[in-house]
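J.: Quick one: structure below, then a few questions.
The values are calculated or read from the model by the stated rules, or taken from the named source; none is laboratory data. Note that the structure is predicted; figures quoted are calculated from it, not measured. Cβ atoms come from the backbone with ideal geometry, glycine included; neighbour counts cover every protein chain shown. These accessible areas exclude ligands, DNA and RNA; they are computed on the full protein's heavy atoms, side chains included. Shrake-Rupley method; radii C 1.70, N 1.55, O 1.52, S 1.80 Å.
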Amino acid sequence: MTFKEFGLDEGLLEGIEASGYETATPVQEQVIPLILAGKDIIASAQTGTGKTAAFLLPIINKLLASRIDDQVNALVIVPTRELAIQIAQNLEGLSYFTPISSIAVYGGGDGSNFTNEKQALSTGADIVICTPGRMIAHLNMGYVKLKGLQYLVLDEADRMLDMGFIDDIMKIISFLPPKRQNLLFSATMPPKIRELAKKILHEPSEVNISISKPPAKIVQQAFIIYETQKIPLVKWLLKSLNFKSILIFCSKKHNVKQLTMELKRARFNVKEIHSDLEQAAREEVLLEFRSRRLQILVATDILSRGIDIDSIDLVINYDVPNDGEDYVHRIGRTARAETDGMAYTFVSEKEQNKFNSIEQLIGTTVPKAQVPEQFGPTPEYAPRSKRSGGGGKRKGNGRRFHTGGHRPPARPKH
Ligand code: AMP
C-alpha cells in the first residue's frame, strides 16, 4: 500500500518520500487508518516494524488541520532519552515540508536544554516527545500549555512500566484535558499493560502485529561455552569474521567496561556505551558508530530498544539477556530495514536454563554453533526444560538502566 492511498497531506507525502519510504509497513497499514478515523489504539509492535511513523504520520496529518498555535497539541511519552531523540529525528524528517513544530524533552542535557524546553512548552510546540521524569519537572513549574492537547502516545509502554514510570505517567496524564485521542504501543502485552490501557484508553481498537518473535531474516546462532571461553571466543570471532559494524551486548555495566578494555588491549576499534556516560559522550559514540568510524560498540541494554542504526551486520550477546523480550530487542538491532543480519549468543553453563526459556518464548530452537577445536572442550547443552528454571521471567528488579534512563548523571555546568 502506498502512502498516497491514506489520503495524506502533500507536504507530508514529500517528507515521507524524502525519508525514503515507498510503501507502508504492515503496522502502518493497520494503524494509520484507525488513527486517522479518531480511534484510541492499543498496539503490540516491535521496534523495526515502522511503528514510529505509524503514529507520527496520522498525528501530523490531523494536526495540519487542527493544531492550536500556542499549545502543546500532541504528547509522546517514551522510556529513554535515546528513543526520544530518535523519534524527534524521525519526526523532523517526516514533517520537514509541513509547518509542524516539535521538540524532544528529556533529562541529561545542560541548563540551556532546559531553557529551550521551557520556552517551547510555555509558548506551544505541536508535538512534544518526552521522557516522564523531565516532563514532570516542567509540569510542576506550571507553565506547560496543555489545554489544547489532542493526542497522547505512550511508546514502549511495557518498558516504561518495567522502569517504574507508572506513577509518573499517571501524573502527567492528570494534567491533560480528558478529551483526547490515546495511542498505546508496547512490545509485549502483559496484564499490567492491559490494566494501564483500561485506565487511559477509550474503547480502543487493538492491533497485534508482533508476537515478539525476531524477524525471520536474522540468522541466529548460540555458542554453548564456559564463561572463561567468552573473551577468547569473542576476540577470535572479531578477528575471523569480516563484519563492518558489530554491536555487543552485556547485561551488566561492569562486563561492558571489562570487555571493552580487553578488546582495546587487543587493538580492536571498539568503544563502550552505558548509563555512566554523559549524554554528550553517548551521542558522540553513537554518531561514530552510525557513521562506521567505530566498528565495534559494546553496550548495555540501554541500546537494546528503539535505537535506530540501520547497518549493524552482527549482534553478539556476550551474555544471555534476562528475558525473551530483551533477546528479541537486542538481536532486532541487526537486520533493520531491508538488510540481513547475524546474531550470536554466548551461553555459559549457568545461563543454559535462561537461554532455554528464551527459546521457548520465541518458539524457536536457536542452532548451536560449532566452537572451534582450539578452544578445547565445551559443555553439553542440557538445560532444565521447564520455563521456571533459570529466571527467564522478568522480576521487576530495577531494570538495569533505571538510573541511567530516569535520573541521568549530573552534567558539568557551563
Ligand atoms: P521503527 O519501528 O519505527 O523503529 O522503524 C524502523 C525503521 O524503519 C526506521 O529506520 C524507519 O525510518 C524505517 N521505516 C519506517 N517506515 C518505513 C517504511 N514504510 N518504509 C521503509 N522504511 C521505513
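J.: State whether one or more residues within region 168-186 are in a loop (DSSP other than H, G, I, E, B) and of a type in the set (S, T, N, Q).
T.: No, region 168-186 contains no residue that is in a loop (DSSP other than H, G, I, E, B) and of a type in the set (S, T, N, Q).
J.: Answer with yes or no whether I312 is touching a residue at least 60 places away in the same chain (Cβ under 8 Å) and outside any helix (DSSP H, G or I).
T.: yes
Conditions (1) in a strand (DSSP E or B); (2) away from the ligand (no atom under 16 Å from the Cβ); (3) at pLDDT below 90, marked per residue:
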position	(1), (2), (3)
K271	yes, yes, no
L294	no, yes, no
V320	no, yes, no
H329	no, no, yes
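J.: Something else now. Evaluate the following for R290: is it modelled with pLDDT of 85 or more, within 16 Å of the ligand (Cβ to nearest atom) and surrounded by fewer than 18 Cβ atoms within 10 Å (Cβ to Cβ)?
T.: Judged against the criteria, R290 is a match.
J.: Look through region 48-69, keep the residues that are among the β-branched types (V, I, T) and out of contact with any Ser or Thr (no Cβ under 7 Å at 6 or more places or on another chain), and return whichever of them is farthest from the ligand (Cβ to nearest atom).
T.: Out of the qualifying residues, it is I68.
J.: So, in region 107-146, how many residues would count as being in contact with an Asp or Glu (Cβ under 9 Å, 6 or more places away or on another chain), open to solvent by less than 10 Å² (accessible area, probe 1.4 Å) and in a helix (DSSP H, G or I)?
T.: Of the residues in that region, 3 qualify.
J.: If the Cβ limit is 8 Å and pairs must be 6+ apart or interchain, which residue in region 244-255 that is more than 10 Å from F289 (Cα to Cα) pairs with which residue that is aromatic (F, W, Y) and surrounded by 20 or more Cβ atoms within 10 Å (Cβ to Cβ)?
T.: Within 8 Å, the pairs are I248/Y318; F249/Y318; C250/Y318; N255/Y318.
J.: For V270, all conditions in the list (1) open to solvent by 30 Å² or more (accessible area, probe 1.4 Å); (2) without any contact (Cβ under 8 Å) to a residue 40 or more places away in the chain; (3) of a type outside the set (D, E) hold save one; what is the number of the exception?
T.: (1)
J.: Against the definition (assigned by TED's automatic domain parsing to the domain that holds L64, assigned to a loop (DSSP other than H, G, I, E, B), open to solvent by less than 10 Å² (accessible area, probe 1.4 Å) and at pLDDT 95 or above), how does L149 come out, yes or no?
T.: When the stated conditions are applied, L149 passes them.
J.: Among K354, K386, K393, which is modelled with pLDDT of 50 or more and open to solvent by 20 Å² or more (accessible area, probe 1.4 Å)?
T.: One residue alone meets the criteria, K354.
J.: Count, please, the residues in region 13-40 that happen to be within 13 Å of the ligand (Cβ to nearest atom) and more than 22 Å from the chain's Cα centre (by Cα).
T.: Qualifying residue count, region 13-40: 6.
J.: Being surrounded by 20 or more Cβ atoms within 10 Å (Cβ to Cβ), closer than 30 Å to I169 by Cβ and not assigned by TED's automatic domain parsing to the domain that holds P79 is true for just one of F223, F249, F185. Which residue is that?
T.: Going through F223, F249, F185 in turn, the sole match is F249.
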